[in-house]
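I have placed the structure first, in the form of structure tokens, so that the comments after it can refer back to it.
Values in this text are rule-based calculations from the coordinates and carry no lab data. These numbers come from a predicted model, not from an experiment. Don't worry about glycine lacking a Cβ; one is built from the backbone with ideal geometry, like all the others, and counts go over all protein chains shown.
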């Protein structure tokens, strides 16, 4: 199915229907049954659906990663980084290669290996009070979703990418009551995993992926009766901390939620937070930033508040001293004691 979608997506690019090409190619890339060589080809054609140079570079960087032997991907990436893209009134660059021979895809001879979806969405989150957890990209330009349990009251954490590299992440918003936190990073990816708006029904198979590429499989036990934002899983609260904040994937490879540390008192099983709730909080966060860009994150309550480090270092929401103010030396308001 994925190979047919890639072929149709290539045809749509050649026909000029970029919207259909984008949908077909992203759908094929989100599934884990594409061989690496075909995945690299799909990424190079996905780059042709946008005029953004940054997007093209992201697609070709990932193509080189999944298929290091692709000379076409390396050559085109080198040109993109060198700023040698032709101007709009010049001829278009040579088109990416087509899919390899079907015989190499399993129709005859030795089939290519089929790896899982490239691990470009999950990150380790280190620096909080409860060990290293997992976070995943919820927005293409670098916003990472994880749990409040993982980040604690910290305003910054360290993100560990799929290659073991580390980068600074800034905690920008958290929701302690829902065990949710957002971390801003400098990561850029060409596409995200498909998300489903459907409710998670009892018996739905669930897969949790942590940042180390470990996988745990379970099922949805039942939706939470009082709220559609939560669903109870069969994951036990004895699960390793690295799975805290892990994305939950259903049997169709769609992202349905995030595994939290909130557990059922009677069974000790963990709750998942639905992806629609997380996306809704993302939208609310961006509105908050747009309406009040000068507000600062408070690690105690998780809100964004107007905090004056020199004169009024207290959060206007919860009244606690801002963590940033603790590191900011204010001049004394009183004269020194006489000696």
Checklist outcome for this item: Rounded to one decimal in nm, the spacing of the 7 Å Cα→Cβ label points at residue 251 and residue 284 is 3.3 nm
Checklist entry - What is the spin-label model distance, in nm, from residue 213 to residue 321 if the labels are put 7 Å beyond Cα along the C-beta direction? => result 4.6 nm
Item to check | Estimated distance in nm for a label pair at residue 163 and residue 140, the labels positioned 7 Å out from Cα along Cα-to-Cβ | outcome: 2.2 nm
Next on the checklist: Below 8 Å between Cα atoms, with a sequence gap of 6+, how large is the relative contact order for the range 119-290 in percent?
Outcome noted: 21 percent
Item to check | Peptides ranked, highest mean first, by Cβ atoms within 10 Å: ranges 2-11, 277-286 | outcome: 2-11, 277-286
Next on the checklist: Need the C-alpha centroid separation for the range 124-170 versus the range 234-308, integer Å.
Outcome noted: 12 Å
Checklist entry - Using the Cα gyration tensor of the range 1-72, with a ≥ b ≥ c the square roots of its eigenvalues, what is the shape: rounded (a/c below 1.5), prolate (a/b larger than b/c) or oblate (neither)? => result oblate
